[in-house]
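What follows draws every value from the coordinates through simple rules; no lab data is involved. Just so it is clear, the structure is predicted and the values come from calculations on it, not from any experiment. We place every Cβ from the backbone using ideal geometry, glycine too, and count neighbours over all the protein chains shown.
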Amino acid sequence: MSRCCKHDAPNPPRPGTGDDPAKHADTTLHHWRIDGMDCPGCAGKIEAALRRLPGVHSAEVRFATERLHVQLTPEGSREQVVRAIHAAGFTPFSEQDNTPDSSPFWRRHFSLLVLLLLVVVAGATQLFLPAAGPWLFTLATLWGLLPIARQAGRLARSGSPFSIEMLMTVAATGALFLGETAEAAMVLLLFNVGEKLESLAASRARQGVKTLMALVPEQARRLTAHGVEKVAISELMPGDEIEVHPGGRLPADGTLLNAQAAFDESAITGESLPVERKQGENIAAGSLAVDRAVRIRVSSRPGHSTLDRILHLMEEADASRAPIARFIDRFSRWYTPAMILTALLVAVLPPFWLGADWQTWIYRGLVLLLIGCPCALVISTPAAVTSALAAATRMGVLIKGGAALEQLGKVDMLAFDKTGTLTQGQPVLHELCLYDAFKRRQVLALAAGLESGSHHPLATALVNAAENEGVEPIEVGEKHTLPGAGIQSRWQDQPLLICTPAHLDGSRFTPEQAADIERLRSAACTLVVLVVNEQIAALFALHDPLRHDARDGIAALNALGVRSLMLTGDHELTAHHIAEALGMDYRAGLKPEHKLREVARLSEQGRLGMVGDGINDAPALRRASIGIAMGQGTDVALDSADAALTHNRLTALADTVRLSRVTRANIRQNITLALGLKAVFLVTSITGVTGLWLAVLADTGATALVTLNALRLLRFRP
């Protein structure tokens, strides 16, 4: 009889890091680490500056890893490259120099703190001594403008004349010249704060690369004819034999020499349950030895392991992803020089060609310069983005900047990892089938007694199941681990065994027990059998349950017209079961490179977002138009993503998509309002209908209106 019940509870370079010098026999490859890059646009500015130099065959900046790769012909020199990088406003270091900046906070942000203090003091003074306020605002403007103008000059000389720094220089200078000192100072303060936040986000993203590489131990236990010796992983070569103790990670790819062993490969495949490997099978670097000490024959060269390839995939995804240029930066390419030229022509041409009054037309040119000052435009977009980011944070969603926020509202499809994203990521007891005269509490106590002390996820699930039902583990005799099979012991002079059904002869199962096994396997459960005195006592079915809001989250996305797809390294049966329960499509059995390839293919068909939590998801998170990490996910996934669900609520995805769409509409309204007012006053200024004071009113009024419109986003509710 069976009773089943459900239970709900200087090394060689890494591959791909720059061109191979062998491809160009007359060139040499040089590397630098670049400090001071705040966004991918900075990487483009460095490349533009270097490619103008004689003797530079190619120049490529990997923003994610701060690495610059330059191929020099015999005519080029390292000193020339270093000078050009400095001239563009960035700092090059040798790759070996990784000393972190240990200077205090106030020293690193001294210029911004002084600017903030000057603006606050000027604002307070304006209330009590109106005559002194403009002078203090002027001082604040000059303090904030000097480094920006200097950087604008450097970029102009290195091939980027109409950068956002140039736009800010013209805007602040124009406002300052026409007496709008407070507005000029506030624009510069907002710009500097934004630059610091971008720099912080960039540093966090690069920290993810270091976290990924930290999975590989610095030393390995190499087996030699004289015993075991500890060596640096850079000394491991193909053919070396190493030993890894339980709980240790493999330092390199290799072949298993033991008969059988279990490995936690979640860092590579995303699969939550350990995988049993047999002698001769390949094991990836970063895999965790679960149940016993193992011997591995190394098969990868230093810098060419599976984890190195994942790092390379992250760099490739970052490089192939077209940088999302900020709207103001694109707009400044023609707007700033066009408005300066127009103001100059208005001031000079009528008096020169028509004999008109010089003073009148110079005055109108100055009015036009103020009208053309893009202060309202500069403030309106970041004001809307800042308000939306604050609203998103209140909903439990951390979004890394305006570009990511904008992309969220454009996605046509969201691709999900399974383990830890759609599911909880931890196996639990789903169903327990009892046979013969055995009782539920008895078999739970025996299973917990056998599995106590083990770090295997299945063992933890069984121990937790007994604890949740208030069952104390039964003390059993000495336990013996059967490599790759299970655990055996004795209880009341009876042999005990806990293992998977695959390790028992099929003839030992009754037709009823075989039917239970087949039914539970088809339900995508992992099975464990308890054998007492050679009798099948119980069948434990464990599974990784769905998140409680997974169905609601997918349904909410469908209602917004956003399709859902599951990409998983798990096997077909489990993937089908999960996808069917959620009503979504799926792709199963995907390794990191396959997942990245699928994301790239889908990205060509439309705007794709990727949601994941594991290290194996990091390349796909970078390659997608928008990458979203679960808040409890690995540091690499969080740092690789453009957004993170800090509360792990999948329903927040649909809320964030709606917020992004509302924000995009708000930004369009702000741009239309700012440019519309300027267009009207452009005509009235040239015709002399409006004077300088109305131009000031129009400019400051537009700034106030777009800011108030942006603040409406703070009241957004899901």
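Taking 7 Å along the Cα-to-C-beta vector as the label spot, tell me the Gln494-Thr28 distance in nanometres, rounded to one decimal.
Reported label-point gap for Gln494 and Thr28 is 7.8 nm.
Can you work out ³J(HN,Hα) from phi for every residue in the stretch 517-531, in order, using Karplus 6.51 cos²θ - 1.76 cosθ + 1.60 and θ = phi - 60°, giving whole Hz and x for Gly and Pro?
Ordered by residue, 3J(HN,Hα) equals 4, 5, 5, 6, 5, 5, 8, 6, 9, 8, 10, 9, 10, 9, 10 Hz.
Non-local amide H neighbours of Met610 (under 5 Å, H modeled in plane, Pro and chain starts lacking H): which ones?
Counting only residues 5 or more places away or on other chains, the set is Ala415, Ile626, Gly627, Ile628.
Return the equivalent ellipsoid semi-axes of the stretch 26-93 as a descending list in whole Å, where each equals the square root of 5 times an eigenvalue of the C-alpha gyration tensor.
Result for the stretch 26-93: semi-axes of 19, 11, 10 Å.
Quick check for me: using +1 on Lys/Arg Cβ and -1 on Asp/Glu Cβ, what's the dipole size of the stretch 491-581 about its Cα centre, in debye to the nearest 20?
With only Lys, Arg, Asp and Glu charged at Cβ, the dipole is about 300 debye.
Taking 28 Å as the cut-off for C-alpha to C-alpha distance, list the pairs among Lys278/Lys418; Lys45/Lys591; Lys230/Lys595 that go past it.
Pairs exceeding the cut-off: Lys45/Lys591; Lys230/Lys595.
Testing the spin-label approximation: label points 7 Å from Cα along Cα→Cβ at Ser522 and Asp505. State their distance in nm.
The answer from the label model is 2.8 nm.
Rank Ile283, Ala232, Ala252 by how far each Cα sits towards the positive end of the charge dipole of the stretch 219-304 (+1 on Lys, Arg Cβ; -1 on Asp, Glu Cβ) and give me just the farthest.
Value: Ala232.
Relative contact order for the stretch 26-93: what percent, with Cα pairs under 8 Å and sequence separation of 6 or more?
Here the relative contact order equals 43 percent.
Taking the Cβ-Cβ separation of Ala437 and Glu281 as r and a Förster radius of 60 Å, what is the calculated FRET efficiency to the nearest 0.05?
0.90
Which residue, Ala581, Ala523, Gln605, has the largest displacement toward the positive end of the dipole of the stretch 509-608 when charges sit on each Cβ (Lys, Arg +1; Asp, Glu -1)?
Sorting the options by dipole projection puts first Gln605.
Report the gain in length on full extension from Asn468 to Leu257: 0.36 nm times residue separation, minus Cα-Cα distance, nm rounded to one decimal.
Here the segment from Asn468 to Leu257 would lengthen by 72.1 nm.
I need to check one value: relative contact order of the stretch 219-304, counting alpha carbon pairs closer than 8 Å and at least 6 residues apart, in percent.
For the stretch 219-304, the relative contact order is 37 percent.
Using a basic spin-label model with each label point 7 Å from the Cα along Cα→Cβ, how many nm lie between Glu241 and Asp552?
5.7
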